[in-house]
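Student: Got a structure for you, written out below as structure tokens; questions coming shortly.
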Amino acid sequence: MLMLSLGQGFKPDYIHLILGSTNFNYLVALFLKTSGVMLVPERRTEDGFELHFGLNYLGHFLLTILLLDVLKKSGKPGKFSRIVIMSSATHYGGRLTLDDLQGRVCYSAHGAYAQSKLALLLFSYHLQNLLWVRGDPVTVNAVDPGMVDTALYGNLSSLAQLAKKPFAKLLFRTPAEGASTAIYAAAASELEGIGGLYLYNGRKTESSALSYDERLQNKLWKEMGLQQT
């Protein structure tokens, strides 16, 4: 079981933003999670977690939990708070190995990345179900930005990098185009109060059958072993 500590007395009432020379405090009403790594050779975080799982999943999971009370307070009927999670079509090939989430037995960069993106979907659906049961005014949706020409592909081999270049402009989206579905999930009026979706190209799409497995969702949630200290 992974033990994630929230820290005593942590109460993130506001996100503090610095824009130029002016400081602003905004009550959280939207939480868009996009940070991540892809196809990284086997590495560990400072806490000893496999890098894909630690950065792509655990960091997002913990930050969401830390901000959840604020998101609940910020939302209201007719104007829900929104959590938008960035997944990937790679999750379709993902498998969740609960007894080896850190890839210590057999490491595969692609497998680790796919697992982290599947874990995000399992978390997204489970969290939304919990929020619905409690009647909290917060929605959780996951999005797939498609193939976007960003530095995420920097860990491809030199040969793969060369092979990618001729096709990038034809097949890959620009960062702005890749962000469009996330912006849609964050701002579209027709999604007000609607959660538990997997969106691609601005449309509801079916994610993998495994991502809808409620028993697996619950097992992953319990595996986090999150405790308040």
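Student: Along the stretch 84-101, what does the Karplus equation 6.51 cos²θ - 1.76 cosθ + 1.60 (θ = phi - 60°) give for ³J(HN,Hα), rounded to whole Hz, x for Gly and Pro?
Tutor: 10, 10, 8, 9, 6, 4, 4, 4, 4, x, x, 10, 9, 9, 5, 8, 8, 4
Student: With each label point set 7 Å from Cα along the Cα-Cβ vector, what nm distance links GLU192 and CYS106?
Tutor: Spacing of the two 7 Å Cα→Cβ label points: 5.0 nm.
Student: OK, next. Give the residue list of GluC sites (Glu not before Pro) in the stretch 42-84 that are DSSP loop and have at most 15 other beta-carbon atoms within 10 angstrom. Don't jump to the answer; show the numbers that get you there.
Tutor: Working: sites: GLU42, GLU46, GLU50; in loops: GLU42, GLU46.
Those satisfying the criteria are GLU42, GLU46.
Student: Under 5 Å between amide H atoms, partner at least 5 residues away or on a different chain: which partners does ARG82 have, H built in plane at 1.01 Å?
Tutor: Under 5 Å from the amide H of ARG82: LEU30, PHE31, THR139.
Student: Now, a different point. Where in the stretch 87-134 are there chymotrypsin sites (Phe, Trp or Tyr not before Pro) that are in a DSSP coil and have at most 16 other Cβ atoms within 10 angstrom of their Cβ?
Tutor: Numbers: sites: TYR92, TYR107, TYR113, PHE123, TYR125, TRP132; in loops: TYR107.
Within the stretch 87-134, the qualifying chymotrypsin sites (Phe, Trp or Tyr not before Pro) (loop, at most 16 other Cβ atoms within 10 Å) are TYR107.
Student: What aspartates and glutamates sit close enough to LYS76 to cross-link, taking a C-alpha to C-alpha distance under 15 Å and skipping anything fewer than 8 places away on the same chain?
Tutor: ASP136, GLU192
Student: Fully extended, how many nm does the chain gain between THR205 and LYS219 (0.36 nm per residue separation, minus their Cα-Cα distance)? Write out the running numbers ahead of the final one.
Tutor: Details: separation 14, 0.36 × 14 = 5.04 nm, distance 2.43 nm.
Here the segment from THR205 to LYS219 would lengthen by 2.6 nm.
Values quoted throughout were computed directly from the atomic coordinates according to the rules given, and no laboratory measurement underlies them. Note that the structure is predicted; figures quoted are calculated from it, not measured. Heads up, the Cβs are rebuilt from the backbone with ideal geometry, glycines too, and the neighbour counts pull from every protein chain shown.
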